[in-house]
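Before any comments, here is the structure.
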Amino acid sequence: MSRTPLVAGNWKMHGSTEMTAGLVAEIAAGAANLAGVEVLVCPPYPYLAQAVSLAGSVSVGAQDVCDQAGQGAYTGEVNGAMLKDIGCTHAIIGHSERRQFYGDSNELVAAKFIATQAAGLVPVLCIGEMLEERESGNTENVLAAQLDAVVQAAGIEAFADAVVAYEPVWAIGTGKTASPEQAQEVHAFIRGRLADKDATIAARLRILYGGSVKPGNASELFGCPDVDGGLIGGASLKSEDFLAICQAGAGA
Ligand code: PGA
């Protein structure tokens, strides 16, 4: 089963109109020369429309979305329809920073996943274990709970049009990367768990790795059979680094 790799940049809370103009233009120009990889950038909300206007063949996604699909009295929130309206194609859901600092529970993440798809956007569902969970041997239990909450709420069919990102929390922004063996083991577990419900959907699903991916380690990570690209934080803020990682995706 061949899956086109996806390399997604998660800018987190970084940016300005000036930075967006430069970074998106450089990424769009570089990505235009790459075949065999899809490229996605996810700037903060205020810069999404600007990014869409400059992105060329690069897709633009949000870093979060409201769990409510319709408009209404939800001060401070942005729904999927609004993101779709301005040209976004994806939304990151359940990033560990949302789970840790903003109370995104497995149930809320599942509701956001459903709302994202209802708006016609592709959810990039993030799951990942904390260091103490890994050290106590609970990695698979944690990932299963995070995944199952969405499968139960949305149905396995929903994964036909979704992306999963495995991001071990201990590797995010720390400079510590999962080894290719560790990443492959977990990616195979995720795919296997979904394959128990639907083997075809699981075989087609793209599972990204995220956590301190850099130009120097991207190729070996993306070379793992069940790693289908990456979700890139820090290194997505420098066009040269991000494009080198996209290039590694194209070569995977
Ligand atoms: P990092 O972040 O690449 O800076 O580790 C990844 C992420 O949080 O998506």
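Structure above, values below:
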quantity	calculated
Amide H within-cut-off set for Gly210, under 5 Å, with H built and near neighbours excluded	Tyr166, Glu167, Leu231
Other-chain or far-sequence residues with amide H under 5 Å of Glu38's (modelled H)	Leu6, Val7
Separation between Cα centres of the stretch 12-80 and the stretch 178-195, rounded to whole Å	28 Å
Size descriptor, Kirkwood hydrodynamic radius, that averages inverse alpha-carbon separations across the chain, Å	17.8 Å
Value in Å of the Kirkwood radius, where the stretch 174-236 supplies the Cα pairs that are averaged	12.0 Å
Ranked by how many other beta carbons lie within 10 Å on average, peptides 55-66, 221-232 from highest	221-232, 55-66
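Only the coordinates and a few stated rules stand behind these numbers; no lab work does. Every value quoted in this text rests on a predicted model; they were computed, and no experiment measured them. As a convention, Cβ positions derive from the backbone with ideal geometry for all residues, glycine included, and neighbour counts pool all protein chains shown.
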